Structures are given as C-alpha cells and as structure tokens.
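K.L.:
Quick one: the structure is below, and I'll ask about it shortly.
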Amino acid sequence: MHLRSVLLIVALLLSACSFPSASTPTPTLAPGAEELLGAPTATPAPAPTAAPASDSAPTASPVRSTARYETAQCEFPTPRGVSVECGWLTVPENRAKPENGREVRLHVAIFRSTRSNPPPDPIVYLEGGPGVDALERLPLVFDVWFRAFLANRDFILYDQRGTGFSTPSLACPELTKLSFDMLPMDIRVDESSRLWNEAALTCRDRLIAEGVDLTQYNTLVNAADLEDLRLALGYEQWNLIGSSYGTRLALTTMREYPQGIRSVILDSTRPPQVNESQTPADAERAFQILFRGCAADPDCNAAYPDLERVFYDLVAKLNTQPVTLPGIDPFTGRTYQVLINGDTMISTLFQAMYSTDIIPLLPRAIYDAAQKNDFDLWLRLIMNNVSQSDYFSYGVMYSARCYDEILFETREAMVKADEPFPHQQDVFDMASFWDICDAWGVGVAPPIENQPVRSDIPALILAGRYDPATPPDDGKEAAATLRNGFFFEFPSSGHGVVLDGGCPLSMALAFLDNPQRQPDAACMAQLGGPAFDVEGAVVRLIPFRDSEQGIAGVTPQGWTNFGQGVYGRPSGDAAIVQIRAPISALEVLVGLSRRFNLDREPEDAGEYVSERYTWQLYTATIRGQPTDIALAEDGGRALLVLMISAPGNRDELYDQVFLPALDALQVIR
C-alpha cells in the first residue's frame, strides 16, 4: 500500500504528545523518522500459542515441509496499547532442493485480539506490490489501517520472502538511488526507462552473485510459505485479507491450499487472468473517471471547468518549459531539487489516484499548477512516491511479476496496447518492463497462473471506482469464478478500499463474522462521488471533548482522530494538535524544537486574545510545511495548539481552523 504523507507527520506528532510530569525528566525522543520506522524494540515478545512445525507437507505441495517457527523479539517498534508476539518462519529457499542449505526467514507479527475469547481463526493480511515491506512501516499505519480488526480476532502480519525484515533481502538500493538521482533530470520516458533498466539489471546481477535464487520468489512459492506458516502456528483455518498483489496471492492460495481457509477478502483485485498490457487502458479509464467526476459535480465544474483540456495543456507546456522546485523527503527532511515535466505530471496523477483521500484534491491541484504555478501537492506526491522506494523490494517485484505475468505476453502486444493513447506519451508503455523480464532469467509460470481461480470459499470482493491500477472490472472478473463471492464497488474510492475505514471496513468486519452471508450494504446508500475540494469552501468545525486530557474544543469535520489530541486531514497535507501538558508553557516552549522535530526554532508571532486565554503565537516549519503554534496556561499547566498545513492552504486553515481552535479550547472543570 502507498504510505500517505500525513502518516509520518502524525507519527512524529504522536511521539511528541506524551508530556512527562513536571518532576520527571523529559525523555530523549527520536529526532527523525528512522527510529519510528526501523528501530528494534527492546521488549522481548512472549511466545505465541502455537503448535510445533508440521512434519507433513501441505496438501498441494509435492515436497515434504521442513518449515520451523521460532519466537523472537519484534524487529519494529510495537504500536501502543496492543499485545503483539513476533517470530521467524524459516523455510528452504527452494523446496525442491532443501539439501542445498539455503533458507529464507520471514518475520511474523501476531497481534492479539482485544476480545477476551476470540474465535480460533485469525486474520492474515497479505501485503501488496509484490515487494512492499509489511512490518517496517507498521508504526506509521497500524492505528489507522489495522487496529479495528483486533476487536474480534487475532491479526497476523508478516514480511513475505525477500521483503522488509525477512532474509535474504531482495531490495534494490541501486533503484532507490536512481529514483532520487533522476529527480532534477529533464528526461523523457525512453531515457528514464533506459536508466531504470540498467539499474534493475545491476541489482539482478548483484543478487545472483550473493547466491539468491531469483526463480524462488514468486506467487506459487509465497502461497507455500503462507501454508507453512499456518501449519507451524497450529491454526486449523484462518481468514485472508489481500490487498492489490495480495489478492493474487490470496487467490493462488485458495487454489493450492483451500483446506486452511475459512474466508477471503479481496481488496483491489488483480486476478491472474488479467494481463499487464491493459495498464494504459486502465490509466485512461481512471483519468476519465476523474475528469467526468469533476464535470458532473456542480461546484467542481464551476470552479474547474474543462479539466481534461487544462490538464493536458499543462502537460504539453511542462514538456517544453519544465519547472524545478525544492521538494522535501518526508522521512528524512532532506531537500532535493525536483524537475517537473509533462511525463512527471501524468505518472504522478496516476499514483495520486491510488489514494481515496487525495482524489478530491486533484482538480484544484491541476488548476493551481496550470494557473498559479503552484505545484505544492504535486511536489509532496512526487517526494512521497520516491521516498517509499526504501520500503520496497524491487527484486521481489521483478522476480514475481516476470514469472507470474509479464512473459505470458509478447513485447509487441505491450507496445500495441499503448498506441490508442498517444496523449499518455508512452508513460504507461509496458514494453520496458518486458525487456527487464526477458533478462531477469526466472522463466515463465505454468499456464494455470494465467487462468481464473475457481473456488467455493466465501469471498468478499471490494473495488474503488477511481482505482487506476486494479479497476472494478478486475474485481468482477475474479468474482465471476468464485461461487460464494460478493462484489461491491465504492463510488469515491481509489486503491485499497478496506483501509479507508468507514463503510467498506464495517462491511468487511460483518463478512468476517458470517462469511456465508452477504454483508449488509445499507451504508453504501449514503455514499456518493468524491467531495471535491474547491478553493474558498468553508471548513466546518465540530466540537470534541477529551476527558483523558481534560479539555474540550473544536476540530474540523472529517479529519481523522489519531488520539493523543492529534487530528489529521485525510488528504495528508494538514494536521492539528490540541493538548494540555502537565508542565508550564515556558517548559513546553523550550522543548518544542526537539520534541516536535521542528526545522528551526519557533519565531515569535505576537499574541492572540480569546475569551478565556491570552495565547502566545509562534511560527515554524516541520518537514518544510508551515507550522503555527499557540501556547497558554491554565492553573500552571500548558495548553498547546499546533497546526501543520501546506503552503498553498496555510492562510485558509489559519483563519478557519487555527484561530477558531484557540477561541474554543477550554479546560473541563
């Protein structure tokens, strides 16, 4: 899944919002994202309730299982307020040749349900990609994406072979470096593809020299790992949730190892029979959905008419007159020069449409770039996309997709599939992918890997209408051969529907409770298209009451409550903190830079007098984003309001959110 930029900001805020008592020394907090993302926890995990590794092979495997599971410390900082038990599943790299001694180790995390007596069938989440690290980014996403599943069942996450903490790693730092190196380059698709292919094959050669057998990192092998994990942990059955590539893994496991599966949720489905050559058509469909969606919305159409023409005029202009602007890596805070040309805009729009929260911002962002030369959102999206390459194993992606998908088609078919869309300027021409696969050397999967999966296992299939990568028709194709499948399309969603929460999540939880029955879809009647952001629209505020902190105030409607006084705008470009600290305002001020990871010391911005308090105002930046700060005292304890916003909407949010928050905040007596 694509990590939304707001999540890092929120993680940094949450790490800063637990203030000590006045008599307790302030602990040293992590100055950057590295420890949030990757530092091992020092707390040993208790042993999970598990049976010893099975000596019998999974039914569909001709090779005797030699898997073993051992409990161990979690390699990631564990989310607050959960019971988690970690371990390692060790299996042969090549199950047909266990005698060669090469093994892979998969890092596993079992999150215990908050229910006192949960059902015996846990949920297993299958990450996408292929190649996305599941556990390394977990502290940033757990509360928003996964915590709700603990209400009724244990929840298992693991790094698939070659990804994340699992060993060996098939990450390609060569490609990560190239991603950053190309940021300031004014090059078109053909040249960027040439550079990318060279770096990819350099990674391939290094992995082979290290002894990695690239033929053993594909979906069939991943399914065998999943079955070995089930047997090693002693579960009779479990429930699978697959997202994106994880749906292909889930479908393959349904076919190969059906006996261990109680139910399956396929979220943003990529069935095996869908070919890679449809990518240009998928992109075109998504773009048209966006353009027509804005045209059909009276407010959006009035503010941003003829959106398609404006976008492609902007693309043409940028290909002759590119712009170069500073962009900030949201994980490190480092600044890079970013050149934006037309090709960049097309590829970034595609990536942006993965996120349900970003989609409503896109019409305004297109117009802002075209008419005001304001590329703020585009810069953040570009930097967010590039920075995530550190949490992705390209070696796994190429090994799996080349074997599973790409080489079922000819290069000529991929070139031909791009021809109907000249305005896309070859950005989605998959021929270069074919060239890498032709040289990757993993062969082609058996024909069954390009055929529909047929199953009577209960399945819930969810799709987002705006999804650019796995359109609803892909989900319908998968559902057509799943006898007990229920398909639903959500009208404003992008890629990864369940993780957006709300209606899709409630339906998923209902399905898990009773997978034999179609979940109640009444909540879908309240859903419409995206609520497109229009410049000048009024932000509606709603009251909140935080009994734990002893404060009450207002916060924007629709912003996500992350706890500890932190609310984030779903689009990822703004967040507000409202907290009461057990120390003085002066003590809070002294520690602000270190505690909140400010880019610079706060600068005095005067006073603001509300009905209850006189607020001392300050300005700063966090990861390059404008940050407004207000401090007051009540009974010797500090009240802090801190708002992060994007440069393009700072003034709007200051007037409509920040100042009203100062007016409304009060201590509960």
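The values are calculated or read from the model by the stated rules, or taken from the named source; none is laboratory data. Note that the structure is predicted; figures quoted are calculated from it, not measured. Every residue, glycine among them, receives a Cβ derived from its backbone with ideal geometry; neighbour counts consider all protein chains shown. All accessible areas refer to the heavy atoms of the entire protein, side chains included, with ligands and DNA or RNA removed. Shrake-Rupley method; radii C 1.70, N 1.55, O 1.52, S 1.80 Å.
K.L.:
Tell me, which residue of region 187-207 that is among the charged types (D, E, K, R) and touching a Cys at 6+ places or on another chain (Cβ under 9 Å) is farthest from Ile436 (Cα to Cα)?
P.N.:
Taking region 187-207 as the starting set, the residues that turn out to be among the charged types (D, E, K, R) are 188, 190-191, 194, 198, 204-206.
Of the ones still in play, those that are also touching a Cys at 6+ places or on another chain (Cβ under 9 Å) are 204, 206.
Numbers: Arg204: 10, Arg206: 15 Å.
Here the residue is Arg206.
K.L.:
Right, something else. Restricting attention to strands (runs of 3 or more DSSP E) lying wholly within region 545-630, give those where 1 or more residues are farther than 18 Å from Leu665 by Cβ, open to solvent by 60 Å² or more (accessible area, probe 1.4 Å) and without any contact (Cβ under 8 Å) to a residue 40 or more places away in the chain.
P.N.:
Because the criterion is at least 1 residues that are farther than 18 Å from Leu665 by Cβ, open to solvent by 60 Å² or more (accessible area, probe 1.4 Å) and without any contact (Cβ under 8 Å) to a residue 40 or more places away in the chain, the strands (runs of 3 or more DSSP E) in region 545-630 that meet it are 603-609.
K.L.:
Further question: Checking the conditions here, which among Gly496, Gly529 is under 29 Å from Ala281 (Cα atoms), open to solvent by 40 Å² or more (accessible area, probe 1.4 Å), in a loop (DSSP other than H, G, I, E, B) and of a type outside the set (A, V, I, L, M)?
P.N.:
On inspection, the qualifying residue turns out to be Gly529.
K.L.:
Could I ask something else about it? Which condition from (1) modelled with pLDDT of 95 or more; (2) closer than 25 Å to Ile382 by Cα is the one that Leu150 breaks?
P.N.:
Leu150 satisfies every listed condition except (2).
K.L.:
Within region 460-478, is there a residue that is over 30 Å from Tyr398 (Cβ atoms), open to solvent by 60 Å² or more (accessible area, probe 1.4 Å), in contact with a strand residue (DSSP E or B) (Cβ under 7 Å, 6 or more places away or on another chain) and free of Cβ contacts under 8 Å to residues at least 60 places away in the same chain?
P.N.:
No.
K.L.:
Being of a type in the set (Asp, Glu), assigned to a loop (DSSP other than H, G, I, E, B) and farther than 16 Å from Ser193 by Cβ is the filter here, so list the residues in region 415-462 that pass it.
P.N.:
Glu419, Asp456 - these are the residues of region 415-462 that are of a type in the set (Asp, Glu), assigned to a loop (DSSP other than H, G, I, E, B) and farther than 16 Å from Ser193 by Cβ.
K.L.:
So Gly327 passes all but one of these: (1) in a helix (DSSP H, G or I); (2) crowded, with 23+ Cβ neighbours inside 10 Å. Which condition number does it fail?
P.N.:
(1)
K.L.:
Could you grab me the full set of residues in region 128-152 that are charged (D, E, K, R), open to solvent by 10 Å² or more (accessible area, probe 1.4 Å) and either touching a strand residue (DSSP E or B) at 6+ places or on another chain (Cβ under 8 Å) or within 23 Å of Ala223 (Cβ to Cβ) (or both)?
P.N.:
If the condition is that a residue be charged (D, E, K, R), open to solvent by 10 Å² or more (accessible area, probe 1.4 Å) and either touching a strand residue (DSSP E or B) at 6+ places or on another chain (Cβ under 8 Å) or within 23 Å of Ala223 (Cβ to Cβ) (or both), then Glu136, Asp143 are the ones that fit.
K.L.:
Does Val315 satisfy the criteria of being crowded, with 19+ Cβ neighbours inside 10 Å and in a helix (DSSP H, G or I)?
P.N.:
So Val315 fits the description; yes.
K.L.:
Same structure again: May I ask you to say which residue of Gln578, Gln616 is within 30 Å of the chain's Cα centre (by Cα) and polar (S, T, N, Q)?
P.N.:
Residue meeting the stated conditions: Gln578.
K.L.:
Also, quick follow-up: Residue by residue through region 385-406, note down the ones that are surrounded by 24 or more Cβ atoms within 10 Å (Cβ to Cβ) and under 13 Å from the mean Cα position of the chain (by Cα).
P.N.:
Matches in region 385-406: Ser387 only.
K.L.:
Further question on the same structure: I'm trying to understand the selection: among the residues of region 349-383, which are surrounded by fewer than 23 Cβ atoms within 10 Å (Cβ to Cβ), among the polar types (S, T, N, Q) and closer than 22 Å to Thr279 by Cβ?
P.N.:
Scanning region 349-383 gives a single hit, Gln351.
K.L.:
Can you tell which of Phe486, Phe511 is aromatic (Phe, Trp, Tyr), surrounded by fewer than 22 Cβ atoms within 10 Å (Cβ to Cβ) and out of contact with any Gly (no Cβ under 6 Å at 6 or more places or on another chain)?
P.N.:
Phe486
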